[in-house]
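Right, one structure below, let's go through it.
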Amino acid sequence: DGRYLLLRSRDTTIKIWNAYDYSLLRTIKVNRPQIDARFTPAGKSIDSGGRDSVLYIWDITTGKLQHQWRKHKGKIIAIAFDPTRPNIVLTAGTDSMI
């Protein structure tokens with residue numbers, strides 16, 4: 001919706017910034033650096049994934065972990081959402097799986 005900016009960093013954090021005044025709103029501490037992170041279409045959570053092959057879903061308001069799934073055997077390198085079914089998340093990994 002243009003209100004927030006999302007930054008995933010090598011320092012094992014995901015940061016949410018206010019897009020209007022660039023103030024830091026929330027820092028989410030993760031175990032390992034995340035390769036990709038996306039706001040969900042509803043804008044209430046963030047999906048992230050990386051070298052540990054786990055898809056994480058974080059609550060934007062609290063920064064708490066809501067769910068995690070380990071379905072890949074390699075790194076998660078990309079996350080996307082189906083525009084016709086926004087509750088479906090797609091992940092691509094180095095294991096050649098989607």
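Considering segment 49-77 alone, what residues qualify as being surrounded by fewer than 16 Cβ atoms within 10 Å (Cβ to Cβ) and part of a loop (DSSP other than H, G, I, E, B)? If the condition is that a residue be surrounded by fewer than 16 Cβ atoms within 10 Å (Cβ to Cβ) and part of a loop (DSSP other than H, G, I, E, B), then ARG51, THR61, THR62, GLY63, LYS64, LYS71, LYS73, GLY74 are the ones that fit. Restricting to segment 78-98, name every residue that is open to solvent by less than 100 Å² (accessible area, probe 1.4 Å), out of contact with any Leu (no Cβ under 6 Å at 6 or more places or on another chain) and within 18 Å of LYS44 (Cβ to Cβ). Residues satisfying the conditions are ILE79, PHE81, ASP82, PRO86, ILE88, VAL89.
Listed by first and then second residue, the pairs linking a residue in segment 61-75 that is touching a residue at least 24 places away in the same chain (Cβ under 8 Å) to a residue that is open to solvent by 100 Å² or more (accessible area, probe 1.4 Å), with Cβ atoms under 7 Å apart and 6 or more places separating them unless they lie on different chains, are HIS72/MET97; LYS75/ARG51. Tallying residues that are in a strand (DSSP E or B), farther than 25 Å from ALA92 by Cα and open to solvent by 50 Å² or more (accessible area, probe 1.4 Å) within segment 1-26 yields 4. For beta carbons closer than 7 Å, sequence separation of 6+ or different chains, a first residue in segment 5-21 that is on the phi < 0 side of the Ramachandran plot and a second that is in a loop (DSSP other than H, G, I, E, B) and open to solvent by 80 Å² or more (accessible area, probe 1.4 Å), the qualifying pairs are ALA19/ARG3. When segment 27-41 is filtered for residues that are open to solvent by 80 Å² or more (accessible area, probe 1.4 Å) and either among the basic types (Lys, Arg) or over 20 Å from ALA78 (Cα atoms) (or both), the ones remaining, listed by number, are LYS29, ARG32, ARG38.
The values are calculated or read from the model by the stated rules, or taken from the named source; none is laboratory data. Everything quoted here is computed from the prediction, not taken from an experiment. All Cβ positions, even for glycine, are placed from backbone atoms using ideal geometry, and neighbour counts span all protein chains on display. Side chains included, ligands, DNA and RNA excluded: accessible areas come from the protein's heavy atoms. Shrake-Rupley method; radii C 1.70, N 1.55, O 1.52, S 1.80 Å.
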